[in-house]
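*Asks:* Sharing a structure here in structure tokens format.
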Amino acid sequence: MRLQKYLAHCGVASRRKAEELIINGDVKVNNEIIIDPAFDVGENDIVKYKNKRVYLSKKNKYFMLNKPIGVVSTASDEKGRANVVDLIDTDSRVYPVGRLDIDTSGIILLTNDGELTNIMTHPKYGVMKKYIATVEGTPNAKALYRLRNGVRIENYVTGKAKVKILKSYPTDSVVEIVINEGKNRQVRKMFDTVGHRVKSLKRIEIGEIMIGGLNQGEYRELDSTEMEYIQRLKNAKI
Ligand code: URA
């Protein structure tokens, strides 16, 4: 990273001001004064401003993964099954935001940003999660009404949901369902309650973050638009 940018990322000064500091001879790399703002700082270099070491602030990491079926979404599993964290190649200690069942595929976020889990998973922040479910049979108008307006699962009544039949076949159908809660196996239990067992389930969106073309097992860091969305959510925190 350029020395000028490095200093700015350490919080020493703005990029423009950092350039001045470097040209003034206030900055050392490995105990040598460097006056070139474009000097390339390596990972193991020691950077000092006015003879005091400066450190890069720890940047949070945000990944999205298309969780494959058969992988658990806890960071560690007592049965030693493959987990989502194993699929991400990073030095940061990231952990999954919320859960997907072992037999559900689709988008899951992983981060070391402790604040995010609460925002993404608590209904009061209203972050919608969109799923595509293949279910037995085709829900009729009454079943759709119940799914949309709340069904009792154990001792909990689900909140409002958006539900749309995308395709209907003789024995099953493909249904899109959007909820902003995340109770254990919620979508499966909701469909069970109205008599349409879920045969397969995939999550395709979390708020404004969409799975796009990621195949099962693939992951990437969130891009700048997705990071702006995360930032907006954090700023709007109640
Ligand atoms: N609902 C489910 O039934 N399973 C999931 O993994 C997520 C939501």
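*Asks:* Find all pairs meeting these conditions: Cβ atoms under 9 angstrom apart; at least six residues apart or on different chains; first residue within the range 211-229 and touching a residue at least 40 places away in the same chain (Cβ under 8 Å) and closer than 22 Å to Asp86 by Cα; second residue in a loop (DSSP other than H, G, I, E, B) and of a type in the set (Lys, Arg).
*Replies:* Close Cβ pairs (under 9 Å, with a partner that is in a loop (DSSP other than H, G, I, E, B) and of a type in the set (Lys, Arg)) amount to Glu221/Lys61.
*Asks:* Which of the residues spanning the range 200-225 are more than 16 Å from the ligand (Cβ to nearest atom), more than 21 Å from Asp89 (Cβ to Cβ) and either over 18 Å from the mean Cα position of the chain (by Cα) or surrounded by 14 or more Cβ atoms within 10 Å (Cβ to Cβ) (or both)?
*Replies:* Passing the criteria: Glu208, Met210.
*Asks:* Mind counting the residues in the range 43-66 that are aliphatic (A, V, I, L, M) and farther than 20 Å from Ala8 by Cβ?
*Replies:* Matching residues across the range 43-66 total 2.
*Asks:* While we're on this one: For the range 120-159, what are the residues that are within 30 Å of Leu110 (Cβ to Cβ) and polar (S, T, N, Q)?
*Replies:* Across the range 120-159, the qualifying residues are Thr121, Thr134, Thr158.
*Asks:* Could you grab me the full set of residues in the range 39-64 that are of a type in the set (A, V, I, L, M, F, W, C), open to solvent by less than 40 Å² (accessible area, probe 1.4 Å) and in a loop (DSSP other than H, G, I, E, B)? Outline the logic, then answer.
*Replies:* The initial filter retains those residues of the range 39-64 that are of a type in the set (A, V, I, L, M, F, W, C), namely 39, 41, 46-47, 54, 56, 63-64.
Checking which are open to solvent by less than 40 Å² (accessible area, probe 1.4 Å) leaves us with 41, 47, 54, 63-64.
Passing the criteria: Val41, Val54.
*Asks:* May I ask you to list the residues in the range 184-199 that are surrounded by fewer than 15 Cβ atoms within 10 Å (Cβ to Cβ) and either under 22 Å from the mean Cα position of the chain (by Cα) or near the ligand (Cβ under 8 Å from one of its atoms) (or both)?
*Replies:* Asn184
*Asks:* Please give the number of the condition His122 fails out of (1) under 14 Å from Ile179 (Cβ atoms); (2) at pLDDT 95 or above.
*Replies:* (2)
The values are calculated or read from the model by the stated rules, or taken from the named source; none is laboratory data. In this text the structure is predicted, and so the values were computed from the model without any measurement. Note that we place each Cβ from the backbone using ideal geometry, even for glycine, and neighbour counts take in every protein chain shown. What goes into the accessible areas is simple: the full protein's heavy atoms, side chains included, and nothing from ligands, DNA or RNA. Shrake-Rupley method; radii C 1.70, N 1.55, O 1.52, S 1.80 Å.
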